[in-house]
Every structure is written in structure tokens, then in C-alpha cells.
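Just so you know, all these numbers are worked out from the coordinates, no wet-lab data involved. Keep in mind it's a predicted model, so treat the numbers as computed, not measured. Cβ placement follows ideal geometry from the backbone for every residue including glycine, while neighbour counts extend to all protein chains displayed.
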Amino acid sequence: MNVQAKKPGPPLWLLFELTYRCPLHCAFCYNPTNFSGIGPELDTDDWLRVLREARALGAVQLGLSGGEPLARDDLEIIVAEAHRLGFYVNLITSGVGLNETRIAALKAAGLDHIQLSFQDSSQQMNDFLSSTRTFDLKSKVAALIKKYDYPMVLNVVLHRLNIDHVAEILQMADKLDAEYVELANTQYYGWAWHNRAQLMPSRAQVERAEAVTKRFRERNGRPMRIYFVVPDYFERRPKPCMNGLGSVFLTVTPDGMALPCQAARMLPGLEFPNVRDMSMENIWFDSAAFNHYRGDDWMKEPCRSCPEKSRDFGGCRCQAYLLTGDAANADPVCDLSPHHHLVTEAVALADGPRPIESAPVVEKPLVFRSPANSVRLFS
Amino acid sequence: MTSNSISIASRPAIDRRFRLQWESAQNAHVLLYPEGMIKLNTSAGEILKRCDGQATIADITASLEQSFSTGGLSDEVIAFIAMAVENKWVAVL
């Protein structure tokens, strides 16, 4: 009955994952763990054509991400065309590779916004904040962002190994003159899913971090907006993921696959169209993959008869698939889900004593996102 | 600047952190900002597109009254601009 569902509105939010190449190796990355085996990247002309087609459909916000988008040397060309077409252009970057030449060119090309993310750039997680090299790099990039009159927007992914440092993170953000700070708890997809047991904070850690954030918000001083994104494993209702798949959001992967969310490429049974073969209009309105989770015909109980289904759309399809093996199940974050115990068990495990803290040699080490590890995981 | 200081002589302009544009796909004006968008209703769009930093609120009101063949919009325009200033969509000069 999906054909009878209301015609969807435009894909207002377009995300280009320009490349899976990245100078960093974050263990919490949501990129697919098999990225090293994924085919060639789209070329410049493909990206420009997709931009034009998506803009004609009404796409207006453009995110440029990756991997590290600065690894593409045609980034400035893509930004310029997006700006010419009327997109509001957001660059989501680690800052690695952002020198004055490039930021000046990006500004001239019409880039509207830069979100600078902080992450661990080394394998020494304990150096997360004390790493002088990282701090120097970020300070330089932050100064460039200021110099070119962009708002200073920082994103920090939180997990078990850094969440106790929220106070230091916020002090650092303050030192960098941040206007907005997003403290985003890890979402468990891709590499983060693989490393979930090592990254999941305990409930006590989350509560402490929230309390520290609250105190920081209430301090007197320079205004800095802080968003604390609570990890959904600690909630009882799921997030309204993507406002429902296929409703406003469209991602294009480095190899041209069109997805209704960044993580969806893992969902089984759906053949995601490639922008090399199909127009954006056909992809958005006609492709089976984009229509599959529109409306609520795909839902199972308890979602199907749930009065809250129009608010949260059953939560995240990828999380339902990863945890229960069936993407049409309720997101088990919901305590109405018969699989909710899978979430509470993962949290309980995080609350208990941990090998990573009790023994110098851990049975299952953290696996960092790297081409070598990607090959190894799939060999 | 607080909303109290807004008068018919104020010259509002879209704040530099926002971008106003017409979106034909949505048949509406929108305000764009980092990773977000506000879809405006017709009157909000008509007021904001006249906020160019040159026109006073009196000019804007007169222009709206002429375009829509009506009168007595002054209070409504002032209230909207005050709200827009509060939300930092608009700065007044």
C-alpha cells in the first residue's frame, strides 16, 4: 500500500559523504567497517550533476562529510556549484587539512558553515585531551574559522573513554571561543557497533557528564550553547530517526549509493540505487529502497497499533536490524519492544566491572577505523 | 539591542548568521542557518524580504499596505520584527 502513501515532500537535507578516506582512525566512526572494499569514488562531474538534480527537487541544506571531505581536492568546486544553485553549504570536518589557502578558497566559493569535530587522532585514548599535537592543530584551525568569520561550532563524540572529561572538553571549547558545542554520545553503527562494548559508558558516567554540562551552562561568562545528546540506549523511547526514512533526508555515499540515512547501507533486502544509474528524481520518488519504509505499512507490532508511531516512526531501522536481526521490528530502545532487554543488557554490561579497566591485556581490543583493519575484518 | 528600542524609524536587516531565500519547492520563504531551516508563512516572508537594512519599519509597513491593498499593519509589523530580533533572525540598525 506504499504506493497509496502521500507523495513525499522534497529531500530537504542532502548529505554527501564525499570519500571514505580519512587521516583519522576513530573507533567510534559510523562509516561501514568494510569501507576499504567499496568501489571507486564518484568523480567531480557526478557530484555536480547530483547537486543540480537534488536542488531541482527542492534540496536546500547540503552537508559535506566523509571520511574527511578535505581529502577531496575538488571540494572547492563542489562548494562553488552548490552555492551557485542556492544550497546552504555545511562542511563537517575534523579540520585535518584545513589550511589558510583552502579555507580562503572555500569562503570565496560560498561555504556557509563549518562544523569542527574533535576526536582522538591517536590510538592512545587516554591522551584524548592532553594530546598537545591535537590541541595545537585544533587551535590553529579554530583561529582560521574565526578569522574567516564562521561561527565556531564544535562537535565532540562522547564514549566510555572520554565522557569523564566533559569538564575539560567544555573548558577547551571555551578557550577556543566556541559558540556552539555539541556533545554527541556515540551512536552504535559501523565501527562504533563493532566496538560497542568498549565504548558504552555506564549510566553513572552519563549522569555525571550531564550534571557537569548543566553546571557549565549555568556558569557566568561568555555565552556558549551546549547541546548534550543523550545516548539513546539510556532512553525508554526511540529517536524519530531521520523523521522517518525517506521523508526529508538523502545521503550519497562516496561510491554513489543513495541512502535514506547514513547507516542504511547495512540494511538487508533493499537494493539501494546508485546515482550513476538513476536520476535523483527517480531515486527519491520511485525507487523501492526509498519507498520501503515510508508510511507505516512496513511496521510490526507493537509499533503498528502504537499511538506514538507518528511521533517516533518506530525509531531507527538500522538499530532494529543490528540488535534484533529484523529491520522492521521496533527499535529495541523502546521499552514497549519485546527486544528491549537487548538494550538494557548492553547498558548493564557497561555498568559492571570491565576487563578494559581491570586488566592490562584485554580480550577484545578496540578496533580503530583504518584501511588495514577494514581489510582484516572482512578477510 | 532589546525589542523595547524598536520603533517605526528602525532599519531592520536579516542577521548575518541567517540567509533568507525563496524556495519554490516549498512555495515559501525560508531562513537558512547552520544545519537548519525555518519555513516562513506568507506574512513573515513578506516582512523579512523587505528587511534590507535601508528601509525603516515605517517604509516596510507602507510597502506591505500598498502591496496587499490594506491598512493598519504597523502594530503587526513591529510585533513581528521584535520577535525576529529576539530570535536573532534580524538585527536593527
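Quick notes on this structure:
- Virtual spin-label span in nm between A:GLU301 and A:ASP177, 7 Å along Cα→Cβ: 6.0
- Remark on B:HIS29: its backbone amide H falls under 5 Å from those of B:GLU23, B:LEU40, a criterion applied only to residues 5 or more positions apart or on other chains, H modelled at 1.01 Å from N.
- Percentage relative contact order, segment A:185-254, counting C-alpha pairs under 8 Å, at least six apart: 30
- Separation of the A:THR44 and A:GLU271 label points, Cα + 7 Å toward Cβ, nm: 3.4
- Here the 3J(HN,Hα) profile of segment B:74-85, calculated from phi with Karplus coefficients 6.51, -1.76 and 1.60 at θ = phi - 60°, is 3, 4, 5, 5, 4, 5, 5, 4, 4, 5, 5, 5 Hz, Gly and Pro shown as x.
- Distance between modelled label sites at A:ARG52 and A:ALA288, nm, 7 Å Cα→Cβ extension: 3.1
- Per-residue ³J(HN,Hα) for segment A:264-281, Karplus 6.51 cos²θ - 1.76 cosθ + 1.60, θ = phi - 60°, Hz, x for Gly and Pro: 5, 4, 7, 5, x, x, 10, 9, 6, x, 10, 5, 6, 9, 9, 6, 4, 5
- Gyration tensor (alpha-carbon) shape descriptor, segment A:1-83, a/c threshold 1.5: oblate
- Database remark: amide H of A:PHE118 closer than 5 angstrom to the amide H of A:ASN155, A:VAL156, A:VAL157 (H placed geometrically; neighbours at sequence offset of 5 or more, or on other chains; Pro and chain starts carry no H).
- Linear extension gain, A:GLU207 paired with A:LYS147, 0.36 nm per residue minus alpha-carbon span: 17.9 nm
- Computed 3J(HN,Hα) for segment B:43-60, one whole-Hz value per residue from the Karplus formula 6.51 cos²θ - 1.76 cosθ + 1.60 where θ = phi - 60°, is 5, 4, x, 5, 5, 5, 5, 8, 7, 10, x, 9, 6, 7, 4, 4, 4, 4, glycine and proline marked x.
- Among the listed pairs A:LYS146/B:LYS88; A:LYS147/B:LYS88; A:LYS147/A:LYS214; B:LYS49/B:LYS88, a Cα-Cα separation exceeding 24 Å is found for A:LYS147/A:LYS214.
- Neighbours of A:ASN291, meaning other residues whose beta-carbon lies under 15 angstrom from its beta-carbon, give a summed charge of -1 when Lys and Arg score +1 and Asp and Glu score -1.
- Adding -39500 (n - 2.57) for every DSSP H run of four residues or longer, then dividing by how many residues chain A holds, sets the calculated 222 nm ellipticity at -9500 deg cm²/dmol.
- Mean Cα-pair separation over length for segment A:156-198, i.e. relative contact order, pairs under 8 Å, 6 or more apart, %: 53
- Inter-chain shielding of B:22-32 (mean C-beta neighbours from other protein chains, 10 Å cut-off): 3
- Segment B:61-93 residues near the modelled B:ALA28 label - backbone nitrogen below 20 Å, point 7 Å along Cα→Cβ: B:77, B:80-90
- Tail fraction, Cα-Cα pairs, the protein assembly as shown, threshold 42 Å, whole percent: 20
- Cα centroid separation, segment A:84-103 to segment A:272-314 (Å): 31
- Residues in segment B:1-42 reached by a label modelled at B:LEU93 [backbone nitrogen below 13 Å; 7 Å Cα→Cβ]: B:10-16
- Length-normalised contact order for chain A - Cα pairs under 8 Å, 6+ apart - percent: 21
- Loop-exposed trypsin sites (Lys or Arg not before Pro) per DSSP, neighbour cap 16 Cβ within 10 angstrom, longest uninterrupted part of chain A: A:22-218
- For A:ILE226, residues with placed amide H under 5 Å, excluding near neighbours: A:VAL181
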